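Following: one structure in structure tokens, then a few remarks.
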Amino acid sequence: MSVRFDVDVAVIGAGIVGCLAARTISARAPEFSVVVLDRDAVGSGASRRSAGLHLPRGATARVRRMARSSQYYYERLAEAVPALPIHPVRMSVLASTASAPRLRETYLDSARLTPAADVPGGDVQVPDGMACWSGGGSQYADVGALTEALARELRPHADIREGVAVAAVDAADDHVVLRLSTGEALTARRVVLAPGPWHAGPAWRDLVAPLGARVKRVVALHIERPPAADDPVVVFDDEDAFLLPLADRGHWLYSYTCTDWDVDPDAPAYGLSPADVDRARECLSRYAPKLLDQCTSGRVFCDAYSRTGEPQVQALGDAGRVVFAGAANGSGYRLAPAIASQAADLLHLPRSQP
């Protein structure tokens, strides 16, 4: 008996990855019907809290390719719609002198790293044994607002359903049935699963379990000091941390590596703890002691990380009709266009311009 399909492709998750996946699918196959489902609102999860920093680098060849294509995508998007909340920012990189060969390998040519005597502005110092490079090719975005803008553009081409959770995913050889919180059953030819840190949700836990993705707590401090218009993002490469001037918000953001793993994304401690502040200040004190007194607020949320350090984009189950797109290791915004493109590849859609 033939299956009656309600939709060609269902995208679960309306964050930056999910909305870009739906946008890519609609561009490549405009004849396809697409629905985007989210239990909350568009861009309300990790996308809402993301620092939204794009750096032109990658620790592996695959991530560098993804960073390069994503950078090109965002540049074209910003040129086409200048009002989008995508903000170019200069870049300074601090690293130990022994790290210079690694920097040449991990940063893209578009970074144009050149040695520099110091960091512009005077707030960040270069400690002994460290070196400074200046460069470009970086930008940051208000990811929540950008996701909402993408969804607004997408609505004439796709059905976006907010406040609709997926209670079960039943994948068969030739179709996928989604059981929705509204009581409906939606039959799709294929599904893109872009759940962010909610990858272990009960509706798809068995499908995703073989990936081995983990959830980590993310902490960033807000430094309540207005940045100057030409202040650069300062990357502390050895610490995997950065100091980002959010000129549009009127303060700085300091992101550092938190080591709290396997947390529940539905029950995060949103408030900063004394331990959070102490760990962040300890690292920041080596580079920018002048800013310590302004570390009075911040943001706490969760994100998904893979076992390999690379985003996970792959077909799940025996039939491969569910495609997982995520676990980007804190680089969901930075690599989202490439993740979306790879997910569309697995749906066997034709390539076209984004």
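The values are calculated or read from the model by the stated rules, or taken from the named source; none is laboratory data. These numbers come from a predicted model, not from an experiment. Quick reminder, even Gly has a Cβ in these numbers, built from the backbone with ideal geometry, and neighbours come from all protein chains shown. Ligands, DNA and RNA are stripped out before the accessible areas are found, and what is left, the full protein with its side chains, is counted by its heavy atoms. Shrake-Rupley method; radii C 1.70, N 1.55, O 1.52, S 1.80 Å.
Some notes on this structure:
- Net charge contributed by nearby residues that have their C-beta within less than 14 Å of ALA41 (K/R +1, D/E -1): +2
- Of all DSSP bridge pairs formed entirely within the chain, close to 75 percent run antiparallel.
- Rounded D (µm²/s) - region 1-70, Kirkwood Rh over Cα pairs, Stokes-Einstein at 4 °C, 1.567 mPa s: 90 µm²/s
- Kirkwood-based shape ratio for region 244-354, expressed as Rg/Rh from alpha carbons: 1.08
- Peptides 306-312, 39-45 ranked from most to least packed, by the mean per-residue count of other Cβ atoms within 10 Å: 39-45, 306-312.
- Highest average packing first - 178-188, 257-267, 130-140, Cβ atoms within 10 Å: 130-140, 178-188, 257-267
- Fully extended contour minus Cα-Cα distance, from HIS87 to ASP264, at 0.36 nm per residue: 60.5 nm
- Calculated on C-alpha atoms, the gyration radius of region 166-292 divided by its Kirkwood radius gives an Rg/Rh of 1.14.
- Put simply, the convex hull of the Cα atoms in region 43-114 casts, on average, a shadow of 6.1 nm².
- Among 189-201, 273-285, 148-160, the order from most to least packed when residues are scored by Cβ within 10 Å on average: 189-201, 148-160, 273-285
- Accessible surface, per residue, of the chain when the full set of protein chains is kept, probe 1.4 Å, Å²: 44 Å²
- Gyration tensor over the Cα atoms of region 221-269: the corresponding equivalent ellipsoid has semi-axes (square roots of 5 times the eigenvalues, largest first) of 25, 15, 7 Å.
- Cα gyration tensor, region 303-354 - rounded (a/c under 1.5), prolate or oblate: oblate
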